[in-house]
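The values are calculated or read from the model by the stated rules, or taken from the named source; none is laboratory data. Quantities reported herein were computed from a predicted structural model and do not represent experimental measurements. Note that we place each Cβ from the backbone using ideal geometry, even for glycine, and neighbour counts take in every protein chain shown.
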């Protein structure tokens, strides 16, 4: 009888803990290092989608994350179309000096004045000067209507950029 109670107790704990363990399969991965994002972008031939956010204080950023970025539809779309880069400007969360410096430089380069701001761009590194050359493709922010409305808007801007690139050649 004691053995049966022990087995039931163990089984109950296993079931309870299996629900509390976060699942990593299928999660969206946001890079935080521009250099890493650029290398993956070049390798995959996908543009970078940069999310300028205030993760621990910005209400609209939280809304965008909940309605768009944390959805399975966005994961499928982003895996196919872009390299994700999160550029965070927290008030309470700790960051390394290198990340703070990188993010401040990108905020200035893209003239970001409010959050959330989303930029999609291509990034090349000049082999001689080692400086970045940014080709801006699309800009967005919070879009009402969920992940489909957001990704449809980005897709439209990507298609327009592609069409303009063909005309210039």
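Observations on the model:
Per-residue answers, yes or no, for (1) surrounded by 14 or more Cβ atoms within 10 Å (Cβ to Cβ); (2) without any contact (Cβ under 8 Å) to a residue 12 or more places away in the chain; (3) under 17 Å from the mean Cα position of the chain (by Cα); (4) not in a helix (DSSP H, G or I):
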position	(1), (2), (3), (4)
111	no, yes, no, yes
121	yes, no, yes, yes
142	yes, no, yes, yes
150	yes, no, yes, no
157	yes, no, no, no
162	no, yes, no, no
165	no, yes, no, no
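- Residue 106 in contact with a strand residue (DSSP E or B) (Cβ under 8 Å, 6 or more places away or on another chain), assigned to a strand (DSSP E or B) and either without any contact (Cβ under 8 Å) to a residue 60 or more places away in the chain or over 22 Å from residue 155 (Cβ atoms) (or both): no
- Flag for residue 93 being surrounded by fewer than 13 Cβ atoms within 10 Å (Cβ to Cβ), under 24 Å from residue 124 (Cβ atoms) and either without any contact (Cβ under 8 Å) to a residue 40 or more places away in the chain or more than 13 Å from the chain's Cα centre (by Cα) (or both): no
- Residues (loosely packed, with under 12 Cβ neighbours inside 10 Å and within 24 Å of residue 159 (Cα to Cα)) located in region 123-134: 133
- Search result, residues across region 66-90 that are part of a helix (DSSP H, G or I) and in contact (Cβ under 8 Å) with a residue 12 or more places away in the chain: 67, 68, 69, 72, 73, 74, 75, 77, 78, 81
Let's see how each residue does on (1) touching a helix residue (DSSP H, G or I) at 6+ places or on another chain (Cβ under 9 Å); (2) at pLDDT below 95; (3) surrounded by fewer than 18 Cβ atoms within 10 Å (Cβ to Cβ):
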| residue | (1), (2), (3) |
| --- | --- |
| 37 | no, no, no |
| 41 | no, no, no |
| 46 | yes, no, no |
| 53 | yes, no, no |
| 56 | no, no, yes |
| 60 | no, no, yes |
| 64 | yes, no, no |
| 68 | yes, no, no |
| 79 | no, no, yes |
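- Residue tally, condition free of Cβ contacts under 8 Å to residues at least 12 places away in the same chain, under 17 Å from residue 80 (Cα atoms) and outside any loop (DSSP other than H, G, I, E, B), over region 43-63: 1
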